[in-house]
Amino acid sequence: MSLFQRVFGDGKPVIGMVHLGALPGAPLYDEAAGVDAVVEAARADLHALQDAGFDAVMFGNENDRPYELKVDVASTATMAFVIGRLRDEVRIPFGVNVLWDPQSTVALAAATGAAFVREIFTGTYASDMGVWAPDAGAAMRARNRLGRRDLAMLYNVSAEFADSLDRRTLPDRARSAVFSSIPDAVLVSGHITGEAAALSDLEAVKAVLPTTPVLANTGVKHETVGDVLRVADGCVVGSALKVGGDTWKPVDRERAADFMALARAAREGA
């Protein structure tokens, strides 16, 4: 059994995002409301997703704009605090993502007991944050050094807010990442948060990686989840579940439940 299967089972997992509010030090942080407000908002989103029947959740610092490639230690520490406050309420597998810092992401997973991580681990990009050159080897070694060989590594191979400086095609880059860096799954994204990956990109990556799980990472919507799960081995969803479909709003319980109903129907049909 693969590590991906041990975490998510044999189905096509649907992973719901818990977008934490802006953290201390970030420009959008609400100092008056404080960290307790971040905890309570995350708690509401977590329970909405669990009650809707999502297979897993992922905690991320989407509101820490502008993003950093080497994250302020305060952000990682606060994420650990927030997740720690909620840990006993989490009933399904959970993952973490500290944008856009692989080392901090792995460290946070080790500290909180997360089952999986998502990050940009490979490639070189021209991005809104500057030249982006992560180190998959260092991240994998950090995982093992921290005693987390059981931590599933989900590699996003098409970075948001960036353009690859590697002129190989996306399928070739994905195939190379699997060969050289041993991810447990490959994720395909759109250009920014909430924007869909092209179905043709999902199809092309899956065609060259028939035995590696390939997930849609951004922009999956109620009206597209059936088509996405026909091709992909699962998906990550955030914006479509929010009030009015707005990335920065809370999770809408009704939208979340409707999405999972459509996802279950699609998986049963497949």
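Out of everything in segment 68-99 that is assigned to a loop (DSSP other than H, G, I, E, B) and in contact (Cβ under 8 Å) with a residue 40 or more places away in the chain, what residue ends up being nearest to V39 (Cα to Cα)?
Among those that are assigned to a loop (DSSP other than H, G, I, E, B) and in contact (Cβ under 8 Å) with a residue 40 or more places away in the chain, it is V90.
Here's the yes/no breakdown for (1) under 15 Å from the mean Cα position of the chain (by Cα); (2) among the acidic types (D, E); (3) closer than 23 Å to L262 by Cα:
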residue: V178; (1), (2), (3): no, no, no
residue: P183; (1), (2), (3): yes, no, no
residue: D201; (1), (2), (3): no, yes, yes
residue: T211; (1), (2), (3): no, no, no
residue: K221; (1), (2), (3): no, no, yes
residue: L229; (1), (2), (3): no, no, yes
residue: D233; (1), (2), (3): yes, yes, yes
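With the requirement that a residue be within 25 Å of N63 (Cα to Cα) and of a type in the set (A, V, I, L, M, F, W, C), what does segment 226-270 give you?
C235, V236, V237, A240, L241, V243, W248, V251, A256, A257, F259, M260
Considering only segment 18-36, I want to know if a residue exists there that is within 18 Å of the chain's Cα centre (by Cα), buried (at least 22 other Cβ atoms within 10 Å of the Cβ), assigned to a strand (DSSP E or B) and modelled with pLDDT of 95 or more.
yes
Identify the single condition in (1) assigned to a helix (DSSP H, G or I); (2) buried (at least 16 other Cβ atoms within 10 Å of the Cβ); (3) out of contact with any Lys or Arg (no Cβ under 6 Å at 6 or more places or on another chain) that L229 does not satisfy, given that it satisfies every other one.
The failed condition is (3).
Kindly provide the set of residues from segment 43-61 that are surrounded by fewer than 21 Cβ atoms within 10 Å (Cβ to Cβ) and more than 19 Å from M260 (Cβ to Cβ), ordered by number.
Hit for segment 43-61 is R43, nothing else.
Looking only at segment 115-146, which residues are under 18 Å from the mean Cα position of the chain (by Cα) and either small (G, A, S) or assigned to a helix (DSSP H, G or I) (or both)?
A115, G123, A136, A139, M140, R143
When you scan segment 216-232, do you find a residue that is touching a Leu at 6+ places or on another chain (Cβ under 7 Å) and among the acidic types (D, E), even just one?
yes
Could you please give the count of residues in segment 132-175 that are acidic (D, E), touching a Gly at 6+ places or on another chain (Cβ under 8 Å) and over 21 Å from A109 (Cβ atoms)?
Within segment 132-175, residues that are acidic (D, E), touching a Gly at 6+ places or on another chain (Cβ under 8 Å) and over 21 Å from A109 (Cβ atoms) number 1.
Can you name every residue in segment 50-67 that is in a loop (DSSP other than H, G, I, E, B) and either among the hydroxyl-bearing types (S, T, Y) or at negative phi (or both)?
Selection gives F54, D55, N61, E62, N63, D64, R65, P66, Y67.
Can you tell me which of L165, L229 is of a type in the set (A, V, I, L, M, F, W, C) and farther than 24 Å from G245 by Cα?
Only one candidate passes the filter, namely L165.
Which count do you get for residues in segment 177-218 that are assigned to a loop (DSSP other than H, G, I, E, B) and either among the hydroxyl-bearing types (S, T, Y) or surrounded by 24 or more Cβ atoms within 10 Å (Cβ to Cβ) (or both)?
Residues flagged as assigned to a loop (DSSP other than H, G, I, E, B) and either among the hydroxyl-bearing types (S, T, Y) or surrounded by 24 or more Cβ atoms within 10 Å (Cβ to Cβ) (or both) within segment 177-218 amount to 8.
Under the condition of being small (G, A, S) and outside any strand (DSSP E or B), which residue from segment 164-176 is farthest from the chain's Cα centre (by Cα)?
S176
Could you run through segment 62-89 and say how many residues are under 16 Å from the mean Cα position of the chain (by Cα) and surrounded by 22 or more Cβ atoms within 10 Å (Cβ to Cβ)?
Final tally of qualifying residues: 3.
Please specify each residue of segment 90-113 satisfying the condition of being farther than 18 Å from V73 by Cβ and either surrounded by 20 or more Cβ atoms within 10 Å (Cβ to Cβ) or out of contact with any Lys or Arg (no Cβ under 8 Å at 6 or more places or on another chain) (or both).
Initially, segment 90-113 is screened for residues farther than 18 Å from V73 by Cβ, giving 90-95, 113.
Within segment 90-113, V90, R91, I92, P93, F94, G95 meet the criteria.
Table: residues versus (1) small (G, A, S); (2) over 25 Å from A232 (Cβ atoms).
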position	(1), (2)
A133	yes, yes
A152	yes, no
S164	yes, no
A174	yes, no
F179	no, no
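Could you tell me which of the residues D172, D246, D166, D258 is surrounded by 15 or more Cβ atoms within 10 Å (Cβ to Cβ) and not aliphatic (A, V, I, L, M)?
The unique qualifying residue is D258.
The values are calculated or read from the model by the stated rules, or taken from the named source; none is laboratory data. Just so it is clear, the structure is predicted and the values come from calculations on it, not from any experiment. Heads up, the Cβs are rebuilt from the backbone with ideal geometry, glycines too, and the neighbour counts pull from every protein chain shown.
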